[in-house]
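See structure below.
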Amino acid sequence: MPLVQREPALAIFRVCVLKLSLTGAAIMMKLLIVASAASAWSLGVKGTLPKLNNRALQSTQQRQQQVVATAPASATALKATEVTGGAKAEDGLMETLKTGSFFALWYLFNIGYNIYNKKALNVLPMPWTLATLQLFAGIPYVLLLWSTGARKTPKLTQDNLKTLFPVACGHLGTHIGAVISLGAGAVSFTHIVKASEPVVSAALSAVMLGAFYSPITYLTLLPIVGGVALASLKELSFTWLGFGAAMLSNVSSALRGILAKKTMGGGVGENMNETNLYAVMTIMAFAVLLPVSLLVETPKAVGAAINTAVAAGTSKKDLAILSALSGAYYYLYNEVAFLALGRVNPVTHAVGNTIKRVVIIIASVIAFNTPISRLGVIGSSIAITGTLLYSLAKNKYG
């Protein structure tokens, strides 16, 4: 696109982002309403799509029985077939629309989190404090769902909490590593490095679980490593802190999955579906991070950073809005991700994750006008493609 045409487009985009920032409180309220509706919509799922299909099948059978009872004997078979076909088509369409809606919300919330998180870190470079606030943001939301009965309250024993604690620490490391990396460099670079998570996961699975994959699966790791290396070589926003924190996030994410597999094979507690598991891990991660955050970034240091931001032209109200939006988007995108990914097979999951990372990189480059070298574009494309190939190969060959 010629420069003359591109600049107005970027200007319009930035104006839209500014307007979103000025109406942040209203947006957050709408998002909470949408997420609550999505959660309520999924209550019948109870964590797995087959249960919903069974319920739809029972409804179809009841309708068939009504047809049999009221229709003439000569038309019974034909009517039953018509009802069954119509119900299946209607149910299939509704399930497709639900899944598509969850994926759309997942992408939207994820983009919102990355943009508002980076905007907050740009004016208030306190990653530990912001990470703590983001973990806290979802707690009142989920407590409201539990207290009103909109979602079943999890029941956990002390032993269950001990089992979940290492997994929650992995969840915490994944989050704090990503926030620190986003604060130290460009959003696009963080997600390029995070595309190498399959490499870390494969290595740790071999060491900790003795799990080895097919040679074809291991071959797909090569483009991931090579792509990340190429993208990092000429990355204009490269910092060792950003790279190291993103790798910490990768390691923690891989450990979270491995520890969950080792300690939670039979499940823990009652009413612990995917969304409740994520909520409990978030609460535990917040409890661990809060004292650490207060030590690393003391209230005095945070106050000084706020005063500096205000002196630079950002009001305390804008700081509060940015922090609240980043927290709301963080919890909502994870909440909807569980609902979306729990409804699809591994191949669709892999494709969805790959598209998500591409969308985030493109959106962040446009939003922040981040310069990326040609080698960076080539490297990131190779790495993301390798991530998709790894997921597909692992699903087919093991």
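Side notes on the structure shown:
- Mean separation of Cα contacts under 8 Å (6+ apart) over length of the stretch 120-276, as relative contact order %: 40 percent
- Between the stretch 284-298 and the stretch 172-207, the alpha-carbon center distance in angstrom: 21 Å
- Separation of the alpha carbons by more than 18 angstrom is noted, of Lys194/Lys262; Lys98/Lys155; Lys118/Lys194; Lys119/Lys356, for Lys194/Lys262; Lys98/Lys155; Lys119/Lys356.
- Overall dimensions of the stretch 131-179 by Cα: Rg and Dmax, Å: 13.0, 34
- Protection proxy ranking for 171-182, 194-205, using the average of other Cβ atoms within 10 Å per residue and placing the highest first: 171-182, 194-205.
- Put simply, the stretch 352-397 fits an ellipsoid with semi-axes of 25, 13, 4 Å; these come from the alpha carbon gyration tensor as the roots of five times its eigenvalues, largest first.
- In plain terms, the chain from Asn395 to Val296 could stretch by 31.5 nm, reckoned as 0.36 nm per residue minus the Cα-Cα distance.
- Put simply, the stretch 256-390 fits an ellipsoid with semi-axes of 32, 27, 14 Å; these come from the alpha carbon gyration tensor as the roots of five times its eigenvalues, largest first.
- Per the Kirkwood formula applied to alpha carbons, the stretch 162-288 shows a radius of gyration over Rh ratio, Rg over Rh, of 1.02.
- When each of the peptides 271-279, 363-371 is scored by how many other beta carbons lie within 10 Å of its residues on average, the order from highest to lowest is 271-279, 363-371.
- The stretch 267-325: C-alpha gyration tensor shape, a/c 1.5 cut-off, then a/b vs b/c: oblate
- Inter-label distance for Ile283 and Ile362, nm, one decimal - labels placed 7 Å from Cα along Cα-to-Cβ: 4.0 nm
- Whether the stretch 87-221 is rounded, prolate or oblate, judged on the alpha carbon gyration tensor where a/c under 1.5 counts as rounded: rounded
We did not get these values from a lab; they are worked out from the coordinates using the rules stated. Keep in mind that this is a model prediction, so the values were computed, not measured. Reconstructed Cβ throughout: ideal geometry from the backbone, glycine too, with neighbour counts over all protein chains shown.
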